[in-house]
1. Just give me the residues in the stretch 35-50 being aromatic (Phe, Trp, Tyr) and buried (at least 19 other Cβ atoms within 10 Å of the Cβ), in sequence order.
2. Anything in the stretch 1-32 that is farther than 15 Å from Lys56 by Cα, surrounded by 15 or more Cβ atoms within 10 Å (Cβ to Cβ) and over 13 Å from the mean Cα position of the chain (by Cα)? List them, or say none.
3. Please go through the stretch 65-81 and give me each residue that is in a helix (DSSP H, G or I), surrounded by 11 or more Cβ atoms within 10 Å (Cβ to Cβ) and modelled with pLDDT under 95, ordered by number.
4. Which ones in the stretch 51-64 are over 18 Å from Val29 (Cβ atoms) and loosely packed, with under 13 Cβ neighbours inside 10 Å?
5. Looking only at residues in the stretch 1-42 that are in a loop (DSSP other than H, G, I, E, B) and out of contact with any helix residue (DSSP H, G or I) (no Cβ under 8 Å at 6 or more places or on another chain), which one is farthest from Thr77 (Cα to Cα)?
6. Quickly run through the stretch 42-60 and pick out the residues that are of a type outside the set (Gly, Ala, Ser) and out of contact with any Phe, Trp or Tyr (no Cβ under 6 Å at 6 or more places or on another chain).
7. Can you give me the number of residues within the stretch 43-64 that are part of a helix (DSSP H, G or I) and either closer than 20 Å to Thr77 by Cα or touching a residue at least 40 places away in the same chain (Cβ under 8 Å) (or both)?
Amino acid sequence: MMAMLKFIKLKFGKIAPQEAMDLQYRLGVNPATYRVFINGYLKSGVIVFDEEKLSKGELLRILSPHEPEITEEKEITMEELVNSSMSWKNVMGEILSQ
């Protein structure tokens, strides 16, 4: 069975740009996270993580000082994560090679 990852989009009630950078770094070095993007200007973010290593509840606890609100949540495969990370050139090359 293929391991599933959790993809969540967030809105933050309060987070400053410097806090967003610090939080993004803290989460980014966690081995349970695969993608972390937090924008302190737009007060939004995207996090992809392995829920077997880091529960959603624990993640929300870490984010709680910034008043997170989940706006989208879904499960994705590692393959979907990799494909979504490819540049258009690589994606088109893959499509044309099939």
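The values are calculated or read from the model by the stated rules, or taken from the named source; none is laboratory data. Just so it is clear, the model here is predicted, and its values are computed rather than measured. FYI the Cβ positions are ideal-geometry reconstructions off the backbone, even for glycines, and counts take in every protein chain you see.
1. Within the stretch 35-50, the subset aromatic (Phe, Trp, Tyr) is 37, 41, 49.
Selection gives Phe49 alone.
2. Phe12, Ile15, Glu19, Ala20
3. Applying the first criterion (in a helix (DSSP H, G or I)) to the stretch 65-81 yields 65-66, 78-81.
With surrounded by 11 or more Cβ atoms within 10 Å (Cβ to Cβ) added as a condition, the list becomes 65-66, 78, 80-81.
Result: Met78, Glu80, Leu81.
4. Glu52, Gly57, Ser64, listed by residue number.
5. Let us first name the residues in the stretch 1-42 that are in a loop (DSSP other than H, G, I, E, B), namely 1-3, 13-16, 29-32, 40-42.
After this cut, where a residue has to be out of contact with any helix residue (DSSP H, G or I) (no Cβ under 8 Å at 6 or more places or on another chain) as well, the list is 1, 16, 29-32, 42.
Numbers: Met1: 11, Ala16: 32, Val29: 21, Asn30: 19, Pro31: 17, Ala32: 14, Leu42: 27 Å.
Among those that are in a loop (DSSP other than H, G, I, E, B) and out of contact with any helix residue (DSSP H, G or I) (no Cβ under 8 Å at 6 or more places or on another chain), it is Ala16.
6. At the first step, the residues of the stretch 42-60 found to be of a type outside the set (Gly, Ala, Ser) are 42-43, 46-54, 56, 58-60.
Correct list: Leu42, Ile47, Phe49, Asp50, Glu51, Glu52, Lys53, Leu54, Lys56, Glu58, Leu59, Leu60.
7. Taking the stretch 43-64 first, the residues part of a helix (DSSP H, G or I) are 56-64.
Adding the requirement that they be either closer than 20 Å to Thr77 by Cα or touching a residue at least 40 places away in the same chain (Cβ under 8 Å) (or both) leaves 56, 59, 63.
Selection size over the stretch 43-64: 3.
For every residue, the table says whether it meets (1) among the hydroxyl-bearing types (Ser, Thr, Tyr); (2) farther than 19 Å from Ala3 by Cα.
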{"position": "Val29", "(1), (2)": "no, yes"}
{"position": "Tyr34", "(1), (2)": "yes, no"}
{"position": "Ile47", "(1), (2)": "no, no"}
{"position": "Lys53", "(1), (2)": "no, no"}
{"position": "Arg61", "(1), (2)": "no, yes"}
{"position": "Glu75", "(1), (2)": "no, no"}
